[in-house]
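First comes the structure, then the notes that go with it.
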Amino acid sequence: MNIPMRRIMGAFHPAGEEAHTNFEHGTTVGDLYQVDFKPLGEDSTETQMGTFWLWMKTLADYFNTKPSEAKKMTKDDIHDLVCHKFLGWYEKEVAGEMRMYPVTLTKPKKKTKQEKSEFLSKIDAWAIGLGCYLPTRKDSEYQQYKEANQ
């Protein structure tokens with residue numbers, strides 16, 4: 001079945017015939033995509049991931065205001081930076097060779113809600129040390145974690 005889709009806040013939603021030209025990366029009508037739908041796991045929450053990606057954009061904007069930054073940072077650059085800084089690296093064999101990859105929230109294994117909250121806490125403390133205050137919704141899961149652990 002071919003249903004036109006568009007990307008809204010990190011999730012794909014049915015959106016009517018005209019929306020299939022409205023993807024985040026400027027796709028055109030002739031582009032084809034495979035989209036897999038599955039429920040969020042019990043260890044994933046939209047508020048944690050929403051907070052995370054809001055922070056990645058906020059940090060990128062913060063770094064981009066610094067005159068010493070030669071290269072403009074994107075939220076994906078900040079994602080790689082914080083994953084490397086706070087989660088480290090893992091080894092994986094590829095084509096007979098051992099290679100190093102940054103640990104992320106899903107690789108090499110998916111993190112639990114608790115691990116994600118601890119990760120967000122490290123990012124929050126680091127950003128405050130830089131002078132960048134990260135926005136957090138009062139009803140977010142991270143705010144609840146933060147209040148419970150003060």
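The values are calculated or read from the model by the stated rules, or taken from the named source; none is laboratory data. For clarity, every value in this text was computed on a predicted model and none was experimentally measured. Glycine also receives a Cβ, built like all others from the backbone with ideal geometry; neighbour counts cover every protein chain displayed.
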> Given (1) modelled with pLDDT under 90; (2) farther than 17 Å from Thr47 by Cβ, where does Thr74 come up short, assuming only one miss?
Replying inline: (1)
> What do you reckon, is Ala60 modelled with pLDDT of 85 or more, surrounded by 16 or more Cβ atoms within 10 Å (Cβ to Cβ) and of a type outside the set (Asp, Glu)?
Replying inline: yes
> Condition test on Tyr101, is it aromatic (Phe, Trp, Tyr), over 30 Å from Asn149 (Cα atoms) and surrounded by 10 or more Cβ atoms within 10 Å (Cβ to Cβ)?
Replying inline: yes
> Of all residues in the stretch 56-111 being out of contact with any helix residue (DSSP H, G or I) (no Cβ under 6 Å at 6 or more places or on another chain) and in contact (Cβ under 8 Å) with a residue 60 or more places away in the chain, which is nearest to Cys132 (Cα to Cα)?
Replying inline: Tyr62
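Any residue at all in the stretch 72-85 that is part of a helix (DSSP H, G or I) and of a type in the set (Val, Ile, Thr)?
yes
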> Applying the selection to the stretch 110-139, what residues are more than 15 Å from Trp53 (Cα to Cα), part of a loop (DSSP other than H, G, I, E, B) and modelled with pLDDT under 85?
Replying inline: Lys110, Lys111, Thr112, Lys138, Asp139
